[in-house]
Amino acid sequence: MYINKTFFREMAKVLFSALVTLFGLLILTFFIARLLPIDPVLAVVGEQASEAAYERARQDLGLDKSLFQQLILYLQNIVQGDLGQSFLTRNDIVDDLKRVFPATIELATTATIIGVLIGVPLGTWAAAKQDGWPDHVARFLGVLGHSVPAFWLGMIALLIFYAKLGVVPGPGRVDDIYYGLVTQQTGLILVDSLMQGQIEVFRNAVSHLILPATVLGIFSVANISRMTRNFVLAELRQEYVTTARVKGMDMRTIIIRQVLPNTFVSLITVIALQLGALLEGAVLTETIFGWPGLGLYMKNSLLNADTNAVLGGTLLVGVTFILLNTGADALYRILDPRARN
């Protein structure tokens, strides 16, 4: 595959844009920490602490320095991989994030896979039957997926499938009896349980994952089906489709062999951004289902005025989103020759 100098210049621009965005994210999280109506010193020493203890803690946190000095110190710590210590867990925030983030990745990735498996065929079908009843059904499901609150849908799903029908287990990642049977290696319990031959743990983890992933996946289906429909409709208006029809090819064959491959590159970007959005938007779903991921961790941290943990989680989600976006952009330029001209 030939890649010219223009491609490398464009990729350099993409990487530079990602670095600028990352720097802006760091600045934003710093000022968010200073604007929150929460005193981090009180979160450390408690409201009953003496004035001397308060001042000592304030100095230890570097809050006695000027705003510019605090910013420089913050950036230095970030570069060194130091996000501070959680006031709630008393652990280094980096260690906490390593523990909880894999659970969110597992949930969001499964939800994205559900979105792709349902959303792509649904969007393709809607485009092929434009203005027909399949198209109206797809549009309705898209609107429904974007408008129904996640917390309401999650509670209804728990009420029906867990409390009433009993077809899925309750909140959590696995049943209590399975905790501790699998050593955390990747942090992905499905992967770790299979690697260690814990088939029962794997089955139990899958049963716990089904409902929250499906609830979160509904929003993924809505977005991916809508974008797939738009991409397929745009391709169906191209001359090569008309030419294929004139040659006697049926529409199904044209869509499968020519139209869908031409939308693949654009769909990669949509799917990558959708995964990033689900990583960011899993807070309510994780809270409702007691899923021990980043969303639940940040919610508990916020309720307990643990600003370091909240900002560390926010920074992690932001960096992940930037990396996914940059990776999708790079892959788009590699796979699509038109983007390299």
For SER266, the lone unmet condition from (1) more than 30 Å from LEU316 (Cα to Cα); (2) under 29 Å from the mean Cα position of the chain (by Cα) is (1)
Which of the residues that make up the range 157-185 are surrounded by fewer than 13 Cβ atoms within 10 Å (Cβ to Cβ) and out of contact with any helix residue (DSSP H, G or I) (no Cβ under 6 Å at 6 or more places or on another chain)? LEU159, ALA163, LYS164, LEU165, GLY166, ASP176, ILE177, TYR179, GLY180, THR183, GLN184
Looking at THR243, THR326, which one is among the hydroxyl-bearing types (Ser, Thr, Tyr), surrounded by fewer than 15 Cβ atoms within 10 Å (Cβ to Cβ) and not in a loop (DSSP other than H, G, I, E, B)? THR243
Would you confirm whether or not the range 267-281 contains a residue that is of a type in the set (Ser, Thr, Tyr) and at pLDDT 80 or above? yes
What do you reckon, is VAL221 among the β-branched types (Val, Ile, Thr), crowded, with 21+ Cβ neighbours inside 10 Å and over 27 Å from GLY327 (Cα atoms)? no
Top-ranked residue in the range 174-226 [being more than 18 Å from THR110 (Cβ to Cβ) and of a type in the set (Asp, Glu); ranked as nearest to the chain's Cα centre (by Cα)]: ASP175
Within the range 15-28, is even one residue of a type in the set (Ser, Thr, Tyr), modelled with pLDDT of 75 or more, in contact with a Leu (Cβ under 7 Å, 6 or more places away or on another chain) and assigned to a helix (DSSP H, G or I)? no
Checking the structure you have, find out if any residue of the range 183-203 is under 25 Å from GLY119 (Cβ atoms) and among the β-branched types (Val, Ile, Thr). yes
Unique residue being closer than 25 Å to GLY313 by Cα and in a helix (DSSP H, G or I) when the list is THR89, THR109: THR109
Of the conditions (1) modelled with pLDDT of 85 or more; (2) aromatic (Phe, Trp, Tyr); (3) farther than 20 Å from LEU284 by Cα, the single one that TYR162 does not satisfy is (3)
If I filter the range 187-194 for residues that are farther than 18 Å from TRP291 by Cβ and surrounded by 11 or more Cβ atoms within 10 Å (Cβ to Cβ), do I get at least one hit? yes
Please specify each residue of the range 273-302 satisfying the condition of being under 26 Å from GLY24 (Cα atoms) and either among the hydrophobic types (A, V, I, L, M, F, W, C) or in contact with a His (Cβ under 7 Å, 6 or more places away or on another chain) (or both). LEU273, LEU275, ALA277, LEU278, LEU279, ALA282, VAL283, LEU294, LEU296, MET298, LEU302
Members of the range 293-302 found to be surrounded by fewer than 23 Cβ atoms within 10 Å (Cβ to Cβ) and touching a Leu at 6+ places or on another chain (Cβ under 9 Å), listed by number: LYS299, ASN300
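The values are calculated or read from the model by the stated rules, or taken from the named source; none is laboratory data. Quick caveat: nothing in here was measured; it's all calculated off a predicted structure. Please note: Cβ atoms are built from the backbone with ideal geometry, for glycine as well, and neighbour counts cover all protein chains shown.
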